[in-house]
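**Q** Below are the structure tokens for one structure; questions will follow.
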Amino acid sequence: MIFWNRFCELCKEKGLTPTQMVKDAGIAVGSVTKWKNGSIPHGNTRKKIAEYFSVSEEELFESSEQKTEHTAESDRQLPDILYRVLDLSDEKQKEVFAFIEFKEMQQKNEQS
């Protein structure tokens with residue numbers, strides 16, 4: 001649910017609800033429910049959101065709380081990883097994001 005959380009952060013920064021934002025951007029209102037349930041936007045919709053908030057498409061998938069310094073190598077790999085995940089079905093994407101959240105929790109627990 002990284003996208004949903006980041007999307008809500010961006011909306012809050014602009015003083016908007018998610019529904020207000022999609023209406024302003026000309027995106028179907030029903031998309032909000034899909035995203036809240038773990039789906040992520042694709043193609044033109046993802047581009048519209050990024051442009052609306054003046055962020056890169058990759059930044060839509062970065063939690064502001066989890067931003068870390070990346071190495072040059074990891075920065076080169078991010079677009080490839082992102083687009084490979086976006087090519088997966090919605091169900092497989094949910095599995096990938098659940099795995100990532102699980103690994104993040106593991107790391108957090110190890111650091112405690």
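**Q** Using a simple spin-label model with points 7 Å from Cα along the Cα→Cβ vector, what separation in nm is obtained for residue 14 and residue 102?
**A** Rounded to a tenth, the inter-label distance reads 3.5 nm.
**Q** Give, in nm to one decimal, the length gained when the segment between residue 94 and residue 110 is fully stretched (0.36 nm per residue of separation minus the Cα-Cα distance).
**A** Difference between extended and current length: 3.3 nm.
**Q** Sticking with this one: Using 7 Å Cα-to-Cβ label points, what is the residue 82/residue 47 separation (nm, one decimal)?
**A** Output for this residue pair reads 1.5 nm.
**Q** Also, I was wondering about something else. Please enumerate, by chain and number, the lysines with C-alpha under 16 Å from the C-alpha of residue 14, excluding those fewer than 8 residues away in the same chain.
**A** In chain and number order, the partners are 23, 48.
**Q** Same structure, new question: In Å and whole numbers, how far do the C-alpha atoms of the chain stretch along each principal axis, longest first?
**A** Dimensions of the chain along the principal axes of its Cα atoms: 41, 29, 27 Å.
**Q** Also: Using the membrane-span-like helix rule (whole DSSP H runs, Cα extent along the own axis of at least 18 Å, mean Kyte-Doolittle hydropathy at least -0.5), which helices of the chain qualify?
**A** 72-86
**Q** Which net charge results when you count Lys and Arg as +1 and Asp and Glu as -1 among the other residues whose beta-carbon is under 12 Å from that of residue 93? Before the final figure, lay out each step's value.
**A** Details: positive: 34, 84, 92, 94; negative: 87, 90, 91, 95.
Net local charge, residue 93 excluded: 0.
**Q** Below 8 Å between Cα atoms, with a sequence gap of 6+, how large is the relative contact order for the chain in percent?
**A** 31
We did not get these values from a lab; they are worked out from the coordinates using the rules stated. The model shown is predicted, which means the values in this text are computed figures rather than measured ones. Here the Cβ is made from the backbone with ideal geometry for all residues, glycine too, and neighbour counts use every protein chain on show.
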